[in-house]
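The structure appears right after this line, and notes come after that.
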Amino acid sequence: IHRVDPALEEVQVADLKRVKAERDQEKVGRALSKLSDGAQAADNLIPLICTAVEAYATVGEISNTLRKSFGKFRPVATL
């Protein structure tokens with residue numbers, strides 16, 4: 001079992017808060033909005049995801065945006 005050092009976790013959380021405070025929130029919002037629109041239109045999402053990453057959107061923000069369009073993946077159990 002992999003255990004995360006609590007001190008490392010604190011550093012990562014602090015870094016994430018700093019990035020979110022320093023980024024251009026409007027740019028992130030626009031990128032996530034375009035990603036949502038692209039998901040609804042069945043566009044190629046890779047360029048839209050790259051734009052969101054370049055705007056410093058987090059993996060969680062990108063995932064939540066896509067989850068709103070596609071829902072949460074649930075594997076189908078077959079016997």
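The values are calculated or read from the model by the stated rules, or taken from the named source; none is laboratory data. Worth saying up front: this structure is predicted, and the values here are computed from it rather than measured. A quick note on method: Cβ atoms are made from the backbone with ideal geometry, for glycine too, and the neighbour counts reach across all protein chains shown. Accessible surface areas use protein heavy atoms only, side chains included; no ligands, DNA or RNA. Shrake-Rupley method; radii C 1.70, N 1.55, O 1.52, S 1.80 Å.
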Averaged per residue, the 1.4 Å probe accessible area of the chain, protein heavy atoms only, in Å², is roughly 82
Report, to two decimal places, the Cα Rg of the chain normalised by 2.2 N^0.38 Å (N = number of residues).
1.37
Filtering the chain for DSSP H helices with an axial alpha carbon extent of at least 20 Å and a Kyte-Doolittle mean of at least -0.5 returns 6-22
Expected 222 nm ellipticity per residue - DSSP helices of 4 or more, -39500 (n - 2.57), all of the chain, to 500
-22000 deg cm²/dmol
Report the extension gain between F70 and R18 in nm, rounded to one decimal, defined as 0.36 nm multiplied by the number of residues separating them, less their alpha carbon distance.
15.7 nm
DSSP loop (so not H, G, I, E, B), at most 16 other Cβ within 10 Å: list which trypsin sites (Lys or Arg not before Pro) in the chain pass both filters.
R3, R23, K72
Only Cα pairs within less than 10 Å get springs; with that Gaussian network setup on the chain, which residue of A39, A31, A21 has the largest fluctuation?
A21
State the percentage of accessible surface on the chain attributable to carbon and sulfur atoms; use a 1.4 Å probe and exclude ligands, DNA and RNA.
57
Remind me, relative contact order of the chain in percent, using alpha carbon pairs under 8 angstrom and six or more residues apart?
30
With +1 on the Cβ of every Lys and Arg and -1 on the Cβ of every Asp and Glu, and nothing else charged, how large is the dipole of the chain about its Cα centre, in debye rounded to the nearest 20?
320
What is the P(r) of the stretch 36-79, as percent of Cα-Cα pairs per 5 Å bin from 0?
5, 22, 26, 22, 11, 7, 5, 3, 1
Among V13, S36, Y56, which residue has its Cα positioned farthest towards the positive end of the charge dipole of the chain, with +1 placed on the Cβ of Lys and Arg, -1 on the Cβ of Asp and Glu, and the dipole taken about the Cα centre?
S36
